[in-house]
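Quick notes on the structure that follows.
The values are calculated or read from the model by the stated rules, or taken from the named source; none is laboratory data. Being a predicted model, the structure only gives us computed values, none of them experimental. Cβ placement follows ideal geometry from the backbone for every residue including glycine, while neighbour counts extend to all protein chains displayed.
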Amino acid sequence: MRAAALPAIALALGAGAPAPAPAKAPAQGASITVTITNLRNADGVVRACMTTQEKTFPRCRGVAGAHAATVAARDGTVTLTFDGVKPGHYAIALLHDENENGKADRALGMMPKEGFGFSRDAKVRMGPPKFSDAVFEMGTQDQSLTIKMRYML
(Lines give C-alpha, C1' and ligand atoms only; values in the text may rest on other atoms or scores of the structure.)
Protein backbone atom coordinates (compact mmCIF):
# COMPACT_ATOMS: atom_id res chain seq x y z
CA MET A 1 0.00 0.00 0.00
CA ARG A 2 1.44 3.40 -0.94
CA ALA A 3 2.04 5.81 1.91
CA ALA A 4 0.16 8.60 0.10
CA ALA A 5 -3.05 6.58 0.17
CA LEU A 6 -2.97 5.96 3.90
CA PRO A 7 -4.01 9.48 5.01
CA ALA A 8 -7.06 9.16 2.76
CA ILE A 9 -8.04 5.92 4.48
CA ALA A 10 -7.67 7.37 7.96
CA LEU A 11 -9.52 10.55 7.03
CA ALA A 12 -12.34 8.65 5.38
CA LEU A 13 -12.78 6.32 8.32
CA GLY A 14 -12.86 9.16 10.84
CA ALA A 15 -15.42 11.04 8.77
CA GLY A 16 -17.45 7.91 8.14
CA ALA A 17 -18.28 7.18 11.75
CA PRO A 18 -20.98 9.56 12.93
CA ALA A 19 -22.17 9.79 16.49
CA PRO A 20 -25.01 7.44 17.41
CA ALA A 21 -28.48 8.48 16.35
CA PRO A 22 -31.02 9.52 18.98
CA ALA A 23 -33.69 7.04 20.10
CA LYS A 24 -35.80 5.94 17.18
CA ALA A 25 -39.51 5.61 16.63
CA PRO A 26 -40.73 2.11 15.80
CA ALA A 27 -38.84 0.93 12.74
CA GLN A 28 -40.45 0.72 9.34
CA GLY A 29 -38.34 -1.54 7.21
CA ALA A 30 -36.05 -4.48 7.74
CA SER A 31 -33.11 -4.94 10.10
CA ILE A 32 -29.49 -5.67 9.31
CA THR A 33 -27.54 -7.39 12.06
CA VAL A 34 -23.78 -6.99 11.67
CA THR A 35 -21.37 -9.32 13.45
CA ILE A 36 -17.94 -7.73 13.68
CA THR A 37 -15.08 -10.16 14.21
CA ASN A 38 -11.35 -9.89 14.94
CA LEU A 39 -11.47 -6.98 17.42
CA ARG A 40 -8.08 -6.86 19.11
CA ASN A 41 -9.32 -5.53 22.46
CA ALA A 42 -12.28 -4.20 24.46
CA ASP A 43 -11.11 -0.58 24.40
CA GLY A 44 -13.53 2.12 23.27
CA VAL A 45 -16.38 1.63 20.83
CA VAL A 46 -17.08 0.40 17.33
CA ARG A 47 -18.67 3.05 15.12
CA ALA A 48 -20.57 1.98 12.04
CA CYS A 49 -22.17 3.86 9.21
CA MET A 50 -24.26 2.52 6.38
CA THR A 51 -25.08 4.52 3.28
CA THR A 52 -26.56 4.26 -0.20
CA GLN A 53 -24.47 7.20 -1.43
CA GLU A 54 -21.71 5.98 -3.73
CA LYS A 55 -20.21 9.46 -4.15
CA THR A 56 -19.54 9.97 -0.43
CA PHE A 57 -18.67 6.42 0.69
CA PRO A 58 -17.04 5.64 3.09
CA ARG A 59 -18.04 8.98 4.59
CA CYS A 60 -21.60 9.30 5.76
CA ARG A 61 -21.54 12.00 8.42
CA GLY A 62 -24.18 14.51 7.34
CA VAL A 63 -25.34 12.32 4.45
CA ALA A 64 -29.13 12.18 4.15
CA GLY A 65 -30.55 8.72 4.72
CA ALA A 66 -27.35 7.29 6.23
CA HIS A 67 -27.69 4.93 9.21
CA ALA A 68 -25.31 5.09 12.18
CA ALA A 69 -24.70 2.78 15.12
CA THR A 70 -22.21 2.62 17.98
CA VAL A 71 -21.55 -0.34 20.25
CA ALA A 72 -19.10 -0.91 23.09
CA ALA A 73 -16.02 -2.81 21.91
CA ARG A 74 -15.36 -6.31 23.18
CA ASP A 75 -12.29 -8.43 22.59
CA GLY A 76 -13.09 -10.73 19.68
CA THR A 77 -16.63 -10.19 18.42
CA VAL A 78 -19.44 -7.64 18.77
CA THR A 79 -22.83 -7.33 17.13
CA LEU A 80 -24.86 -4.29 16.17
CA THR A 81 -28.15 -3.78 14.35
CA PHE A 82 -29.45 -1.19 11.92
CA ASP A 83 -33.27 -1.01 12.11
CA GLY A 84 -35.77 0.52 9.72
CA VAL A 85 -33.69 -0.16 6.63
CA LYS A 86 -35.50 0.38 3.35
CA PRO A 87 -34.72 -1.78 0.31
CA GLY A 88 -31.74 -0.58 -1.69
CA HIS A 89 -28.01 -0.92 -2.27
CA TYR A 90 -25.90 -0.14 0.81
CA ALA A 91 -22.29 -0.20 1.96
CA ILE A 92 -21.02 -0.23 5.55
CA ALA A 93 -17.84 1.32 7.00
CA LEU A 94 -16.60 0.49 10.51
CA LEU A 95 -14.10 2.13 12.87
CA HIS A 96 -12.81 0.64 16.14
CA ASP A 97 -12.50 3.97 17.96
CA GLU A 98 -10.31 2.65 20.77
CA ASN A 99 -9.96 5.98 22.59
CA GLU A 100 -13.52 7.20 21.81
CA ASN A 101 -12.37 10.50 20.34
CA GLY A 102 -14.70 10.23 17.33
CA LYS A 103 -11.97 10.03 14.71
CA ALA A 104 -9.54 7.59 13.15
CA ASP A 105 -6.19 8.15 14.84
CA ARG A 106 -3.07 7.90 12.72
CA ALA A 107 0.59 7.10 13.37
CA LEU A 108 3.15 9.37 11.74
CA GLY A 109 0.25 11.28 10.19
CA MET A 110 -0.48 8.46 7.73
CA MET A 111 -1.05 4.95 9.05
CA PRO A 112 -4.39 4.24 10.74
CA LYS A 113 -3.72 3.18 14.34
CA GLU A 114 -7.26 1.93 14.93
CA GLY A 115 -9.19 -0.84 13.26
CA PHE A 116 -11.50 -0.50 10.29
CA GLY A 117 -13.72 -2.75 8.20
CA PHE A 118 -16.15 -2.66 5.30
CA SER A 119 -19.15 -4.66 4.16
CA ARG A 120 -18.32 -7.64 1.95
CA ASP A 121 -14.94 -7.43 3.71
CA ALA A 122 -13.88 -5.10 0.91
CA LYS A 123 -10.11 -4.82 0.87
CA VAL A 124 -8.17 -1.60 1.28
CA ARG A 125 -5.92 -1.02 -1.74
CA MET A 126 -4.28 2.37 -2.21
CA GLY A 127 -7.07 3.95 -0.16
CA PRO A 128 -10.54 3.02 1.05
CA PRO A 129 -12.51 0.57 -1.08
CA LYS A 130 -14.91 1.74 -3.73
CA PHE A 131 -18.62 1.62 -2.98
CA SER A 132 -18.94 -1.10 -5.65
CA ASP A 133 -16.51 -3.31 -3.67
CA ALA A 134 -18.51 -3.00 -0.44
CA VAL A 135 -22.07 -2.75 -1.74
CA PHE A 136 -24.76 -5.30 -0.92
CA GLU A 137 -28.45 -5.44 -1.73
CA MET A 138 -31.04 -5.05 1.00
CA GLY A 139 -34.52 -6.33 0.31
CA THR A 140 -37.58 -6.39 2.55
CA GLN A 141 -36.37 -9.28 4.75
CA ASP A 142 -34.06 -8.99 7.76
CA GLN A 143 -30.44 -9.75 6.92
CA SER A 144 -27.23 -10.72 8.74
CA LEU A 145 -23.68 -9.80 7.71
CA THR A 146 -20.23 -10.51 9.12
CA ILE A 147 -17.38 -8.00 8.77
CA LYS A 148 -13.78 -8.60 9.83
CA MET A 149 -12.06 -5.74 11.64
CA ARG A 150 -8.62 -5.02 10.20
CA TYR A 151 -5.63 -3.28 11.81
CA MET A 152 -2.57 -1.89 10.08
CA LEU A 153 -0.53 -1.35 13.26
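Table for the structure above
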| quantity | calculated |
| --- | --- |
| Tally of residues being out of contact with any Asp or Glu (no Cβ under 9 Å at 6 or more places or on another chain), surrounded by fewer than 19 Cβ atoms within 10 Å (Cβ to Cβ) and part of a strand (DSSP E or B) across region 29-54 | 3 |
| Residue list for region 118-153, restricted to those being within 18 Å of Lys55 (Cα to Cα), out of contact with any Phe, Trp or Tyr (no Cβ under 6 Å at 6 or more places or on another chain) and among the aliphatic types (A, V, I, L, M) | Ala122, Val124, Met126, Val135 |
| Whichever residue in region 74-117 is at positive phi and without any contact (Cβ under 8 Å) to a residue 40 or more places away in the chain and, among such residues, is surrounded by the fewest Cβ atoms within 10 Å (Cβ to Cβ) | Leu108 |
| Residue count, region 55-73 (criterion: over 13 Å from the mean Cα position of the chain (by Cα), at pLDDT 95 or above and surrounded by fewer than 20 Cβ atoms within 10 Å (Cβ to Cβ)) | 1 |
| Selection status of Ala4, at pLDDT below 50 and within 13 Å of the chain's Cα centre (by Cα) | no |
| Single residue of region 127-151 satisfying the filter (in a loop (DSSP other than H, G, I, E, B) and among the small types (Gly, Ala, Ser)) that is nearest to the chain's Cα centre (by Cα) | Gly127 |
| Entirely in region 67-126, the strands (runs of 3 or more DSSP E) that have 2 or more residues that are farther than 13 Å from Val46 by Cβ | 76-85, 88-97 |
| Residue match in region 126-136 (condition: closer than 27 Å to Gly29 by Cα, at pLDDT 95 or above, touching a His at 6+ places or on another chain (Cβ under 8 Å) and not β-branched (Val, Ile, Thr)) | yes |
